[in-house]
Amino acid sequence: MTDQRRSLRVGLVCPYSFDVAGGVQNHVLGLARYLRQAGHRPYVLAPGELRPSAATLDLEDFVSVGAAVAVPYNGSVARVSFGPLSAARVRRWLRNGKFDLIHIHEPITPSISLLALWAAEQPVVATFHTATPRSRSMQLASGVLRAAIEKIDAGIAVSESARSVVVQHLGRDAVVIPNGIRFDDFARGPHLRPELAEAHPSTNSGRTAGSPMPSQQPRLIFIGRLDEPRKGLDVLLAAIPQIRAARPDLEVIVAGQGSRRLPSCCRSLGTISDETKIALLNTADVFVAPQLARESFGIVLLEAMASGVQIVASDLPSFVDVLGGPHDASRLGEVFTVGDHRALAGAVLHVLDHPSPLRAARAQQAARHYDWSSVGPAVLAVYRATLSAAPARRTGNVVG
Amino acid sequence: MSTLEVLAALIIVLVILIWRISWLASRVHRATLRTERTWSALDGALVGRAERATELVTMPGIDPATALLVLDAAAAALEPDLCRGERERAESDLSHVLDAVGPMLPASPSELTSERARASICRRLHNDAVATALSLRRRYMVRILRLARHTNEPRPFEMADGKYCTLPAGPLETDQPS
């Protein structure tokens, strides 16, 4: 089947600016990277500028719709683009790109995703990342944006919970394909970077690859925005005194955007690069994911699993989907009740006192299934199915 | 209010009404076209799946009983002029047969596996398109103005997908559409 092998020109639309790191942004970059490796031509449209550090993408394949504006949306501050100028740029990009199909991420976001959905004449694949049960925009969408939603040819949801939101609020269906991770990068063992070593001069020695219980201070880490309540740092901080009472030598490292006052035992690395994140995960004993809500996927959780660190996570549906429930004997990490700092402390102490390399190894194996080498072909299968149901192209045929 | 003003207001209302109706009609039309296109894609995918299944028979090392079972189910699914219900049953049977013989095959048929995944995705896209079209057709305006009168009401294609995989075995692969 020659049609099945044809190289595709895919227009990827990301609603959030690449100025800051984020799950959707990383997913788009990872997908573009995979598509290129698979012999296709991905082009990315997004607000803001591409950071050179994120240059897994050829700069000429990236088009910015202009500066992003920070607005409160969906419980956090989103850096998005909107307005007539953005709309005109989106239209021009769609017209000039000669795409076989458009893949829009978070289509119901007040940013260029919605503008692209509105203007697209090509087949549209849309990925829903959010799993907010009572998302106001989703409810509004069912009325005002009905016509735009009808334009989606194929929906993808990143988890079962994200899919059920699509089914309930939009009356549409979606194929469940999880977000991808670069498994090998995270599973390749520690290699401390200077900035990390400087931050912890005392802990450099004695840490060996994959060792679940290094001889030195146990290290607990949190990765996520510090200033965003739903990331749940408050729950972790409330649990710290109880944990420190039992393990006075515990070292706590938090990494993520934003600033806030931290207790003296906690150190903040600020925004970290991918390399630092890998090094951090590989030198930690416990990874805590205390998220309170609206976490549709938790890509960092999977990256943590890939690194082989012990996991403690809140029992959000999307986390339980991945890890298994609190009473599941084969669960891949400790799960505690959302927002309960005492339960969090108990789970952390349990993991520190009874480390299970076997469980960490099982979690690592489970994370392997989310590598782009598995996730990418599934996305391509949806592209092929969408194109097999696409109308004959009106514009002239394009040779890629 | 003068007669002229009333007339102008009436005209404006009328124009808005006509614009809304034609917009709705174009949405109904687009949704209907999409059900037709997704159906032909699904039809093609199902035929491809049955053909790949037929090719299992030529697999080296396959036993004749397994071959007969697969060939029978695949031929039934490829039968021309089946009515909708018969086709749904034949395709479901083929899914069940493929699930049953899967562990007994001498090698994993990767082409068949990807065809099964394709059929499953195409079916979901088709049924999604049908649901959109039906919800538009149920609208009050569409019904009283009979905006969908030229087309038959689309129906979802209901069948068992079987243990298809869009992803290699993993925790999320258990998702089975109803």
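The residues of region B:127-165 that are within 14 Å of another protein chain (Cβ to nearest Cβ), without any contact (Cβ under 8 Å) to a residue 60 or more places away in the chain and among the basic types (Lys, Arg) amount to a single one, B:Arg138. A count restricted to region B:35-44 and to residues that are facing chain A (nearest Cβ under 7 Å) and either in contact with a His (Cβ under 7 Å, 6 or more places away or on another chain) or buried (at least 16 other Cβ atoms within 10 Å of the Cβ) (or both) stands at 3.
To keep it simple, each residue is scored yes or no on (1) under 18 Å from A:His369 (Cα atoms); (2) touching a helix residue (DSSP H, G or I) at 6+ places or on another chain (Cβ under 8 Å); (3) modelled with pLDDT of 80 or more; (4) not β-branched (Val, Ile, Thr).
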residue	(1), (2), (3), (4)
A:Gly270	no, no, yes, yes
A:Ala279	no, yes, yes, yes
A:Pro290	no, yes, yes, yes
A:Ala304	yes, yes, yes, yes
A:Ala313	no, yes, yes, yes
A:Ser318	yes, yes, no, yes
A:Gly324	yes, no, yes, yes
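Got at least one residue in region B:119-127 being part of a helix (DSSP H, G or I) and over 15 Å from the mean Cα position of the chain (by Cα)? Looking for residues that are part of a helix (DSSP H, G or I) and over 15 Å from the mean Cα position of the chain (by Cα), one finds none in region B:119-127, hence no.
Of the numbered conditions (1) assigned to a loop (DSSP other than H, G, I, E, B); (2) within 14 Å of chain B (Cβ to nearest Cβ); (3) free of Cβ contacts under 8 Å to residues at least 60 places away in the same chain, A:His327 fails exactly one; give the number of that condition. Evaluating A:His327 over (1) assigned to a loop (DSSP other than H, G, I, E, B); (2) within 14 Å of chain B (Cβ to nearest Cβ); (3) free of Cβ contacts under 8 Å to residues at least 60 places away in the same chain leaves (2) as the failure.
Here's the yes/no breakdown for (1) on the phi > 0 side of the Ramachandran plot; (2) within 14 Å of chain B (Cβ to nearest Cβ); (3) part of a loop (DSSP other than H, G, I, E, B):
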| position | (1), (2), (3) |
| --- | --- |
| A:Ile240 | no, no, no |
| A:Arg244 | no, no, no |
| A:Gly258 | yes, no, yes |
| A:Arg267 | no, no, no |
| A:Gly270 | yes, no, yes |
| A:Phe319 | no, yes, no |
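Summed over region A:361-370, the residues that are surrounded by fewer than 22 Cβ atoms within 10 Å (Cβ to Cβ) and either more than 8 Å from chain B (Cβ to nearest Cβ) or over 21 Å from the mean Cα position of the chain (by Cα) (or both) give a count of 5. Of everything listed in (1) part of a helix (DSSP H, G or I); (2) of a type in the set (Gly, Ala, Ser); (3) farther than 24 Å from B:Ala131 by Cα, the single unmet condition for B:Ser108 is (1). Residues in region A:329-351 that are surrounded by fewer than 22 Cβ atoms within 10 Å (Cβ to Cβ) and under 17 Å from A:Leu237 (Cα atoms): A:Thr337, A:Val338, A:Gly339, A:Asp340, A:His341, A:Arg342, A:Ala343, A:Gly346, A:Leu349.
Can you find even one residue in region B:56-73 that is in a helix (DSSP H, G or I), surrounded by 18 or more Cβ atoms within 10 Å (Cβ to Cβ), in contact (Cβ under 8 Å) with a residue 24 or more places away in the chain and not aliphatic (A, V, I, L, M)? Checked against the condition, which is being in a helix (DSSP H, G or I), surrounded by 18 or more Cβ atoms within 10 Å (Cβ to Cβ), in contact (Cβ under 8 Å) with a residue 24 or more places away in the chain and not aliphatic (A, V, I, L, M), region B:56-73 yields at least one hit.
Which condition from (1) crowded, with 20+ Cβ neighbours inside 10 Å; (2) modelled with pLDDT under 85; (3) within 13 Å of chain A (Cβ to nearest Cβ) is the one that B:Arg124 breaks? Just one mismatch for B:Arg124, condition (2).
The values are calculated or read from the model by the stated rules, or taken from the named source; none is laboratory data. Fair warning: this is a prediction, and the values are worked out from it, not measured in the lab. Backbone-built Cβ (ideal geometry, glycine too); neighbour counts: all protein chains shown.
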